[in-house]
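Undergrad: My structure is below; once you've seen it, I'll send some questions.
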Amino acid sequence: MKKQLTETSKFLSYVLRHNPGEIGLTLSSEGWADLSELILAARKAGHDLDVELIRAVIDGSEKKRFAISEDGRLIRALQGHSTDAVDIRHQPKTPPEFLYHGTATRFLGSILAEGLLPGQRHHTHLAGDIPTAFAVGQRYGKPVVLKVEALRMHQDGFVFFQAENGVWLTEKVPASYFSPMPQA
């Protein structure tokens, strides 16, 4: 069952964040998809989904990547979109003094040279705590956590948002606003 949940989560991430057209799905500008249309389109594409499986993925995930609307008819990814069709209107929010970004040490050279960039996504993602950032970094190799001076950035005119799942978002983080944390 765990393998099925992981595979379904990856499929939902791909379709709801990056390529809904792959299965003939259309997202609203806020990233919402009709849940029944998602299930039908997924089945036509060879992915056996149902509401119970989707809810199990959402309820069982610590990362809280997805949300179902209050009426239970719509689903969306909360952040991490790369498709131009989606432009979620997050409300600007003042960040705490520090936020954190987890990455792999192999990326550190280019990050120190260029800063943190969103890549294909709409925003750069930051965590509110070190353990979360560390866990993200571990997904990509030997982890390193960058300590970001978020409040100073905000005071200098950078805009921050916080997604429904607690992930902090900003356009980019110039290298002058962060430093690698010592590894324990």
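Undergrad: Loop-only check: which GluC sites (Glu not before Pro) in the stretch 58-151 are DSSP coil with at most 13 other Cβ within 10 angstrom?
TA: Working: sites: E62, E70, E97, E114, E149; in loops: E62, E70, E97, E149.
Within the stretch 58-151, the qualifying GluC sites (Glu not before Pro) (loop, at most 13 other Cβ atoms within 10 Å) are E62, E70, E97.
Undergrad: So, one more: Gaussian network model of the chain, Cα springs within a sub-10 Å range: biggest mean-square fluctuation belongs to which of G166, G31, G109?
TA: Per the Cα network of the chain with a 10 Å cutoff, G109 tops the list.
Undergrad: Testing the spin-label approximation: label points 7 Å from Cα along Cα→Cβ at Q155 and M181. State their distance in nm.
TA: 2.1
Undergrad: Once the piece of chain linking E52 and K172 is laid out straight, how much longer is it, given 0.36 nm per residue of separation minus the C-alpha distance between them?
TA: My answer for the length gained is 39.5 nm.
Undergrad: Distances longer than 16 Å among the Cα atoms of the stretch 69-153: what percent of all pairs is that?
TA: 62
Undergrad: Which entry in (1) 1.29; (2) 1.09; (3) 0.92 matches Cα Rg over 2.2 N^0.38 Å derived from the coordinates of this structure?
TA: (2)
Undergrad: How compact and how long is the stretch 2-77, expressed as Rg and Dmax of its alpha-carbon atoms in Å?
TA: 11.1, 32
Undergrad: Using 25 Å as the Cα-Cα cut-off, could you pick out the over-long pairs in K147/K172; K10/K147; K63/K142; K2/K147?
TA: K10/K147; K2/K147
Read-outs throughout are calculated quantities, based only on the coordinates presented, and are distinct from any laboratory measurement. Since the structure is predicted, the reported quantities are computational estimates derived from the model, not experimental observations. Note that we place each Cβ from the backbone using ideal geometry, even for glycine, and neighbour counts take in every protein chain shown.
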